[in-house]
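Chemist: Here you go, one structure.
Where a number appears in this text, it was derived from the coordinates with a stated rule and is not lab data. All of these numbers come straight from a predicted model, not from anything done at the bench. Here the Cβ is made from the backbone with ideal geometry for all residues, glycine too, and neighbour counts use every protein chain on show.
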Amino acid sequence: MNADLVIVLTACLVAVAGSLVGVFLVLRRLSMISDAISHSVLPGIVAAFWFSGGEAATLPALIGAAAMGLLTVVAVELLVRSGRVKNDAAIGVVFPLLFSIGVILISMYFRNAHLDLDAVLYGEIAYAPFNNMLVFGRELPESLVLMGILALLNAVFVSVFFKELRLSTFDAGLAASLGFAPGVLHYALMTLLSFTTVGAFEAVGAVLIVAFVIVPPASAYLLTRKLAVMLALSLTIGVLSSILGYFLAVAVDASIAGMIASMLGLVFFLCLLFSPLDGVLATLARRQRQRDSVAARQLVAYTAAHGARISLHEAMQRFEWNASQIRRAQQHARRNGWLTGEGETISLTPRGSSVSSQGHAAD
């Protein structure tokens, strides 16, 4: 299998697996739990390495990571429920503790073993084509097979329990009253996140898997409020960023994981700027329209109070507006049919007179 294709497919599958669970984490405001799990699963991996006799077996590592991931979630929730610390502080307490335990165990007992912290944290997706496994008598890249299974597992879970996940995400109380067991769904989601995180360790590392879990859903959330559309956009953003990031990294001879993360960040900031819902430009435009609307109402009221006909220069002096402000106020009023006139003189229309007498203007 072509090495370029293996790397791109592996990155895309990590993006799919991460985005599918990430959407629900972002909506539940649990985004940073993915960062906590991505670090705190290390003791689970070390324990699996220990019990498997020093062999880096995939299945024990997945089981150990899932167990530590669930332990992280439970520990964070217990701290939050105690009422003494908030969620972000609880995460900040739990994951450094568990991660440091993993580091200590490695330094004490596995110093000479094939268990590389750099690979766990940063990964190296360029090596994905060279670590193969036998599947039905054919050698296939292990990372590709593993991430394919995890992406499929996450997709099946989200598809089968989509209605339950949606309801428990937006109204856990109603979901519980209808018998949907939101707690079970929550821990199932955390288990899948743990599986996905450790499965992506060797391929892309903990840092990039956190980016895949958080950034595409966060970008999609800026563009839509419909869950199904958000899922589709999140998957699209993750996959396209993986493809573009890889080929750009090859073109400039840069880190593949770093370039993919940079592409994800670039897409997020583009969404932040240009989103029609909550984008910076859209927000600025809305605020400008609000200012223009207020100014237009002031202009209509002033015109009505001064014989229904005034000069723009007079209004500028009265309100201390500059030429741009008076022009925008006049244009807004004319678009709504409140004022008419050409040049330096404006007149109140019947609609403007009615609006002025009512004390409001319906845009």
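Chemist: If I model a spin label as a point 7 Å beyond the Cα along the Cα-Cβ vector, how far apart are those points for Glu139 and Arg327 in nm?
Modeler: 7.1
Chemist: Continuing with this model, one more query. Provide the descending list of Cα extents for the chain along its principal axes, expressed in whole angstroms.
Modeler: 94, 52, 37
Chemist: Follow-up. With each pseudo-label sitting 7 Å past Cα toward Cβ, what's the Leu277-Leu97 distance in nm, one decimal?
Modeler: The two pseudo-label positions are separated by 3.6 nm.
Chemist: Follow-up question, since we're still on this one. Of the candidates Ile310, Ile260, Ile209, which one comes out as most mobile in a Gaussian network treatment of the chain with C-alpha springs shorter than 10 Å?
Modeler: Ile310
Chemist: Another question, if that's okay. Once both labels are modelled 7 Å past Cα along the beta-carbon direction, what's the Arg291-Ile104 spacing in nm?
Modeler: Rounded to a tenth, the inter-label distance reads 5.7 nm.
Chemist: Based on DSSP loop calls and a cut-off of at most 15 other Cβ atoms within 10 Å, the longest stretch of the chain free of exposed GluC sites (Glu not before Pro) is what?
Modeler: It runs 56-319.
Chemist: Work out the length of the dipole vector of the chain about its Cα centre, built from +1 on the beta-carbon of each Lys and Arg and -1 on the beta-carbon of each Asp and Glu, and round it to the nearest 20 debye.
Modeler: Dipole magnitude for the chain comes out near 1800 debye.
Chemist: In what sequence do Thr72, Thr224 fall when counting other Cβ within 10 Å, fewest first?
Modeler: Placing the least packed residue first, the sequence is Thr224, Thr72.
Chemist: Report, in deg cm²/dmol and to the nearest 500, the calculated mean residue ellipticity at 222 nm for the chain, where each DSSP H run with n ≥ 4 adds -39500 (n - 2.57) and the sum is divided by the residue count.
Modeler: Calculated from helices alone, the mean residue ellipticity at 222 nm is -25000 deg cm²/dmol.
Chemist: Fully extended, how many nm does the chain gain between Thr340 and Val80 (0.36 nm per residue separation, minus their Cα-Cα distance)?
Modeler: Contour length minus the Cα-Cα distance gives 87.5 nm.
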